[in-house]
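The values are calculated or read from the model by the stated rules, or taken from the named source; none is laboratory data. Everything numeric in this text was worked out from a predicted model, so none of it was measured. Just the protein is used for accessible areas: all its heavy atoms, side chains included, with ligands, DNA and RNA removed. Shrake-Rupley method; radii C 1.70, N 1.55, O 1.52, S 1.80 Å.
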Amino acid sequence: MSISIQAKERTSFQNSVNRKIREEGNFPAVVYGNKVEPTSIYLNSAEFIKTIREAGRNGVLTLHVGKNKHSVILHEIQTDPLKNEIVHADFQVVDMSVEIESTVTLSLVGEAKGTKEGGVLQQSLYEVTVQGLPQDIPSSIDVDVTELGVNDVLTLKDVKVDGKIEITQSLEEPVASVLPPQQEELPDSGEQQGDEENQEVEATEQKDKE
């Protein structure tokens, strides 16, 4: 069962109206897709954040706009990191019986055995594109790195996903690896040679004085 969220239609786009929308704790957005005409709307920021935390980034929401309601997913969101506020969002209307593509976060779990030997765990891929029915798309995929040793590389083909979804990008892409322990740098040979030459010169000067 999807989670409901309320929105109101935007009919005026004057700067003063948009400013008032934000001052009241709301943000502008648009809803479109699946034979639905693009509609400008606005939502309450606090309610939206609470809903997304509950449903997940890829969760299906029931968006109420006046007398209409749509099954939607959050397609894109823009934020202002300096003001820590939502600038704009796009909601895509989906047909629950038709598969879609979506981007899902990859989360590393477990302690790689290679790190116990001094290695450094490195994640090289943070998101993956998957395909499935809207209600089957997860908010994130856990990647178990427990058996990853020093110099081992884990690729997308090693990532276990629910049988209801499919990864649509190359399975050869590396996700995580354990780099070998850093070796202590040896003294520069040039400096060593310079020191030896200085010692020889000093010894010669001392001999001449004698």
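Sum -39500 (n - 2.57) across every DSSP H segment of at least 4 residues in the chain, then divide by the residue count to get the 222 nm mean residue ellipticity, nearest 500.
The helix contribution divided over the chain gives -6500 deg cm²/dmol.
Angle, helix 45-55 long axis vs. longest principal axis of the chain, Cα atoms, 0 to 90°, nearest 10?
Once rounded, the angle reads 80 degrees.
Cross-link list K83/K113; K50/K164; K35/K160: which exceed 32 angstrom alpha carbon to alpha carbon?
Listed pairs above 32 Å: K83/K113; K35/K160.
Tell me the per residue accessible area of the stretch 1-62 using a 1.4 Å probe; a whole number in Å² is fine.
63 Å²
Express in whole angstrom the spacing between the alpha-carbon centres of the stretch 13-44 and the stretch 54-111.
Going from one Cα centre to the other spans 16 Å.
With an 8 Å Cα cut-off and a minimum separation of 6 or more residues, compute the relative contact order for the chain in percent.
With pairs under 8 Å counted, the relative contact order is 16 percent.
Test of understanding: express the Cα radius of gyration of the chain as a ratio to 2.2 N^0.38 Å, with N the residue count.
That works out to 1.71 for the chain.
Taking just the alpha-carbon atoms of the stretch 30-112, what radius of gyration and Dmax come out, in angstrom?
14.6, 52
Where the accessible area of the chain is counted over protein heavy atoms with a 1.4 Å probe, how much of it, in %, is carbon and sulfur? Could the numbers behind the result be given before it?
Values: 6290 of 14000 Å².
Of all accessible area on the chain, carbon and sulfur atoms account for 45 percent.
How many percent of DSSP beta bridges within the chain run antiparallel, rounded to 5? Before the final figure, lay out each step's value.
Details: 37 of 51 bridges.
So the antiparallel bridges in the chain amount to around 75 percent.
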